[in-house]
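Worksheet for the structure shown next.
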Amino acid sequence: MPRFATIDVGSNTVLLLVAERRGECFAPLVERAEITRLGRGVDATRRLDPQAIRGTVEVLARYAAEARALGAREIACVATSAARDAENGADFFEAARAAAGLVPEVIPGEEEARLVWASAWRDFGAKAGSLAVLDVGGGSTEIVVGSGPAPSARRSLQVGAVRLTERARPPDPPGQAALADLRARAAETLAEARDLVVGPRPAALVGVAGTVTTLAAVERALPVYDAGVVHGAEMTRAALEVLLARLSALTTAERARLPGMEPKRADVIVAGAAIVLESMHLLAFDRLTVSDRGVRWGLLHERFGGLG
């Protein structure tokens, strides 16, 4: 059966999916995620850090080798916020080509939003009938709404867990004052998407990407990350408020030791959670459904599915 691979190079995390097409469905063979923080410092300097480029390229080379060893016919690789914003993206692309035989395709924020929607709609759309989808990344946040396979409206916003942390520079631990500042900054940028929620509210909110999946894993104190537990899980806004208060009272080192926490995400999870909660407030949702999938799954179906 034919096999394909997709890679999503984000501002914080690089994700790999290798899947096999079985009839009208894809079965995942391998899914990997590694934090390389390609977007480190990009908000201030508009340049990719050489060390971040090296680390990301090393991961891409491993991913590409694994996908090819598993028999992937083709590999689709896209890059998002950090690569969009950096003036020296060509350095990264050339290094990726040399080491991995891949040249990541930089996609605009609205295309990123559309791919996230495609993934979420396949998993949750039929049951809900209409959705709002929230993708909190390292450098940007996408909000998408609609009631069918194609979204009716989408917006990419220049606020993400890494970007907000670097802008606000909260102390460690943040404490209440810094947390209030993070939330105010998040709310200010998210307000640019206020026009997306005019009219009847969608039936359900789906949260995508590492911030949301990490919050779900920490809330459940998972000793080992389990996509089967996280994907489709629900979190209430009240529970997230409690969790954010808890996280903001801890140092980065203390957060890194929590069950369910990816240690490399511990320094930006408070900002990420602030974005999630302010998004829920903007969209007027009291709960969200967690998706462990995202751009890589939307890309898989679009490039290699041909399933409509």
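Points worth noting:
- From 192, 188, 219, residue being over 19 Å from the mean Cα position of the chain (by Cα), surrounded by 14 or more Cβ atoms within 10 Å (Cβ to Cβ) and on the phi < 0 side of the Ramachandran plot: 192
- So residue 115, is it out of contact with any Ser or Thr (no Cβ under 8 Å at 6 or more places or on another chain), in the same structural domain as residue 210 (by TED's automatic domain parsing) and not charged (D, E, K, R): yes
- Candidate set from the stretch 242-272 (those that are in a loop (DSSP other than H, G, I, E, B), touching a residue at least 40 places away in the same chain (Cβ under 8 Å) and among the small types (Gly, Ala, Ser)); member that is nearest to residue 186 (Cα to Cα): 249
- Hits in the stretch 277-288 (condition: surrounded by fewer than 24 Cβ atoms within 10 Å (Cβ to Cβ), not in a loop (DSSP other than H, G, I, E, B) and not acidic (Asp, Glu)): 277, 280, 281, 282, 283, 287
- Just one of the listed residues (226, 267) is surrounded by fewer than 16 Cβ atoms within 10 Å (Cβ to Cβ) and not assigned by TED's automatic domain parsing to the domain that holds residue 36, and it is 226.
Each row is one residue, and each column tells you yes or no for (1) in contact with a strand residue (DSSP E or B) (Cβ under 8 Å, 6 or more places away or on another chain); (2) surrounded by fewer than 24 Cβ atoms within 10 Å (Cβ to Cβ).
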site	(1), (2)
20	yes, yes
43	no, yes
49	no, yes
79	yes, no
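- When the stretch 289-308 is filtered for residues that are part of a strand (DSSP E or B) and touching a Leu at 6+ places or on another chain (Cβ under 9 Å), the ones remaining, listed by number, are 289, 290.
- Residue list for the stretch 156-177, filter: among the charged types (D, E, K, R) and over 12 Å from residue 81 (Cβ atoms): 166, 167, 169, 172
- When 276, 218, 206 are checked against the criterion of being modelled with pLDDT of 95 or more, touching a strand residue (DSSP E or B) at 6+ places or on another chain (Cβ under 8 Å) and under 25 Å from residue 30 (Cβ atoms), 206 stands alone in meeting it.
- Residue 72 being over 17 Å from residue 163 (Cβ atoms), of a type in the set (Gly, Ala, Ser) and surrounded by fewer than 16 Cβ atoms within 10 Å (Cβ to Cβ): no
- Contact map, the stretch 295-308: first residue of a type in the set (Phe, Trp, Tyr), second residue modelled with pLDDT under 95, Cβ cut-off under 6 Å, separation 6 or more or different chains; pairs are 297/119.
The values are calculated or read from the model by the stated rules, or taken from the named source; none is laboratory data. A quick note: this is a predicted structure, and the numbers were derived from the prediction, not measured. Don't worry about glycine lacking a Cβ; one is built from the backbone with ideal geometry, like all the others, and counts go over all protein chains shown.
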